[in-house]
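Q: Got a structure for you, written out below as structure tokens; questions coming shortly.
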Amino acid sequence: MLHLTSHLKFTTQNLRFLSFGFLMALGSSFGQTYFIGVFGPEIRQEFSLTQTSWSAIYMIGTLASALMLPWTGQQIDRISLRRYTVFVVIALVGATTFMALVPSAILLVVAVFLLRQTGQGLMSHTGSTAMARNFFKNRGKAIAVSSLGFALGEATLPFLMVVTITVIGWRASYGIAALTTLFIILPTSIWLLKGYRDRYDTQKAYLKNSSQSTDVTISWSRQEVLKDVRFYILLPAASAPSLIVTALFFHHLSLAELKAWDAMWFTGSYWVFAIGSVIAMLAAGPLIDRHTAVKVLPTFLMPLTVALFIVWAFDNAWWSWPYLFLVGVTTGFTHTGLTALWAEIYGTKHLGAIKSLYMSISVFASALGPLAMGVLMDQGISIETTCAIFAAYCLVTSWLLVIALREYMFDAS
């Protein structure tokens, strides 16, 4: 109850800027796998694609996005947040419009690239980087509250899109996304950034005068991070949600079909995933502010591991709820914890460049996951077996994460 009161007070005091982060997170949905994934059956049917070929298209577009992110992401360190936001949102308008009009399977690769770059990549990058850079004392809470935009998108948009696609078709549905971005997200984001410069100057002065802040005492460049062995040890765990959760959501309708779950009912149950995500985000924020992300994150993959074992062991449709809830818990800790982690261990001066480096690797993992799962399904490997492999991966990488973060805690002490 105390944590909830603290969240409400903090949110009320910083409502405008937190709403900007929330909007960026929500707007990123149009390029996220949980959104694109529900279009998969219709796209495969229109362009006569197999699971493997559609997954390959998705992988190529996503990989191209990953290659671009280190450059496009670091620009947030170099230009004003307002200008960067306008560029990103307008680019998302172009991406959603192109997806609605894409004429061929070849150009579908370009459409996926644009959606993944602008939606999954830059929209989420803009919001979370802004929160981490402009909140020092309450960084965990800021990232947690703004990340609720992810949860809202995950809870509502897949079901809404399944219904909308059924009524007006997949192209018109992406056309609605383009219009929403142009006429709602763009002007609202500009309005929410009104007065941002004053906030930035105030926070910068606070940072300069704080001799205690790790943002002052630590300031790694991206080149220095690339030379840090511990960075590579923690990467497999940090990228695990992108690899595994993306693969699952991309093939969720196939999972529902193979498990004999009603697709409309299953996507309509994404609110369970959102509840798990929201609970984790709201819990993680105060925990990180009190204990640091370095101490909070070592077990963040355990809920996902249990969720994967549920898919492996059970077929009854009601087991989809604890499965979705537990995946949501890991996702919530991921949204809140990882951005705070990079800021804690590497500082915020070059946070845009460092975070975009991680995001490019994460996006690469999100490209690999759906393809690997699609190939395995086409080869007759069951989803249950695939989930067991993913669960083993989570256990091994969690052990590596503990090793890496212990080293950081040792340095901090």
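Q: Out of all the residues in segment 288-297, is one or more within 24 Å of residue 372 (Cα to Cα), under 21 Å from the mean Cα position of the chain (by Cα) and of a type in the set (A, V, I, L, M, F, W, C)?
A: no
Q: For residues that are out of contact with any helix residue (DSSP H, G or I) (no Cβ under 6 Å at 6 or more places or on another chain) and of a type outside the set (Val, Ile, Thr), tally how many sit in segment 82-116.
A: Taking segment 82-116 first, the residues out of contact with any helix residue (DSSP H, G or I) (no Cβ under 6 Å at 6 or more places or on another chain) are 82-83, 86-87, 90, 94, 101, 103-104, 106-107, 110.
Remaining after also requiring of a type outside the set (Val, Ile, Thr): 82-83, 87, 94, 101, 103-104, 107.
The qualifying residues number 8.
Q: Here's another thing I want to ask about it. Considering only segment 112-121, I want to know if a residue exists there that is within 21 Å of the chain's Cα centre (by Cα), surrounded by 24 or more Cβ atoms within 10 Å (Cβ to Cβ), under 30 Å from residue 45 (Cα atoms) and among the small types (Gly, Ala, Ser).
A: Yes - at least one qualifying residue is present in segment 112-121.
Q: Now a separate question. Is one or more of the residues making up segment 218-231 part of a loop (DSSP other than H, G, I, E, B), more than 23 Å from the chain's Cα centre (by Cα), at pLDDT 70 or above and buried (at least 16 other Cβ atoms within 10 Å of the Cβ)?
A: Yes; the residues of segment 218-231 include at least one that is part of a loop (DSSP other than H, G, I, E, B), more than 23 Å from the chain's Cα centre (by Cα), at pLDDT 70 or above and buried (at least 16 other Cβ atoms within 10 Å of the Cβ).
Q: Across segment 57-79, which residue is nearest to residue 375 (Cα to Cα) among those that are surrounded by fewer than 19 Cβ atoms within 10 Å (Cβ to Cβ) and more than 18 Å from the chain's Cα centre (by Cα)?
A: The residue in question is 60.
Q: Quick one: in segment 17-49, of everything that is more than 30 Å from residue 191 (Cβ to Cβ) and among the aliphatic types (A, V, I, L, M), which residue is surrounded by the fewest Cβ atoms within 10 Å (Cβ to Cβ)? It would help to see each step written out before you state the result.
A: The first filter runs over segment 17-49 and keeps only residues more than 30 Å from residue 191 (Cβ to Cβ), leaving 37-49.
Next cut, among the aliphatic types (A, V, I, L, M) only: 38, 43, 49.
Working: 38: 26, 43: 21, 49: 17.
The qualifying residue surrounded by the fewest Cβ atoms within 10 Å (Cβ to Cβ) is 49.
Q: Kindly provide the set of residues from segment 165-178 that are without any contact (Cβ under 8 Å) to a residue 24 or more places away in the chain, exposed (fewer than 14 other Cβ atoms within 10 Å of the Cβ) and of a type in the set (A, V, I, L, M, F, W, C), ordered by number.
A: Of everything in segment 165-178, those that are without any contact (Cβ under 8 Å) to a residue 24 or more places away in the chain, exposed (fewer than 14 other Cβ atoms within 10 Å of the Cβ) and of a type in the set (A, V, I, L, M, F, W, C) turn out to be 167, 168.
Q: In the list 79, 43, 57, which residue meets the criterion of being among the β-branched types (Val, Ile, Thr) and not in a helix (DSSP H, G or I)?
A: Step by step, each of 79, 43, 57 is checked, and only 79 is among the β-branched types (Val, Ile, Thr) and not in a helix (DSSP H, G or I).
Q: Specify the residue that is surrounded by the fewest Cβ atoms within 10 Å (Cβ to Cβ); the eligible residues are those in segment 319-345 that are among the hydroxyl-bearing types (Ser, Thr, Tyr), out of contact with any Asp or Glu (no Cβ under 8 Å at 6 or more places or on another chain) and modelled with pLDDT under 95. Write out each step before concluding.
A: Start the filter on segment 319-345 by keeping residues that are among the hydroxyl-bearing types (Ser, Thr, Tyr), which leaves 320, 323, 330-331, 334, 336, 339.
So of that shortlist, the ones also out of contact with any Asp or Glu (no Cβ under 8 Å at 6 or more places or on another chain) come out as 320, 323, 330, 334, 336, 339.
Still in the running and modelled with pLDDT under 95: 320, 323, 334, 336, 339.
Numbers: 320: 22, 323: 25, 334: 27, 336: 36, 339: 29.
Once the filter is applied, the top-ranked residue is 320.
Q: Something else now. Within segment 136-146, is even one residue among the β-branched types (Val, Ile, Thr), modelled with pLDDT of 95 or more and touching a Leu at 6+ places or on another chain (Cβ under 7 Å)?
A: Looking through segment 136-146, none of the residues is among the β-branched types (Val, Ile, Thr), modelled with pLDDT of 95 or more and touching a Leu at 6+ places or on another chain (Cβ under 7 Å).
This table checks each residue for (1) of a type outside the set (A, V, I, L, M); (2) over 25 Å from residue 291 (Cα atoms); (3) without any contact (Cβ under 8 Å) to a residue 60 or more places away in the chain.
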| residue | (1), (2), (3) |
| --- | --- |
| 343 | no, no, no |
| 353 | no, yes, no |
| 358 | yes, no, no |
| 361 | no, yes, no |
| 373 | no, yes, no |
| 383 | no, yes, no |
| 393 | yes, yes, no |
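Q: Still on this structure: Restricting to segment 263-282, name every residue that is small (Gly, Ala, Ser), farther than 24 Å from residue 236 by Cα and part of a helix (DSSP H, G or I).
A: 263, 268, 274
Q: Right, here's the next one. Looking only at segment 289-318, which residues are touching a helix residue (DSSP H, G or I) at 6+ places or on another chain (Cβ under 7 Å), outside any helix (DSSP H, G or I) and modelled with pLDDT under 95?
A: Listed by number, the residues that qualify are 292, 300.
Q: Only one residue in 165, 184, 190 is modelled with pLDDT of 70 or more, of a type in the set (A, V, I, L, M, F, W, C) and touching a Lys or Arg at 6+ places or on another chain (Cβ under 8 Å), so which one is that?
A: Numbers: 165 fails: touching a Lys or Arg at 6+ places or on another chain (Cβ under 8 Å); 184 fails: touching a Lys or Arg at 6+ places or on another chain (Cβ under 8 Å).
One residue alone meets the criteria, 190.
Q: Which one of these does residue 52 not meet: (1) within 20 Å of residue 368 (Cβ to Cβ); (2) surrounded by 19 or more Cβ atoms within 10 Å (Cβ to Cβ); (3) among the β-branched types (Val, Ile, Thr)?
A: Just one mismatch for residue 52, condition (2).
Q: Looking at (1) in a helix (DSSP H, G or I); (2) at pLDDT 85 or above; (3) over 15 Å from the mean Cα position of the chain (by Cα), which is the only condition residue 49 fails?
A: (1)
The values are calculated or read from the model by the stated rules, or taken from the named source; none is laboratory data. Values in this document were obtained by computation on a predicted structure and should not be read as measured data. Because the Cβ atoms are built from the backbone with ideal geometry, glycine has one as well, and the counts that use them run over all protein chains shown.
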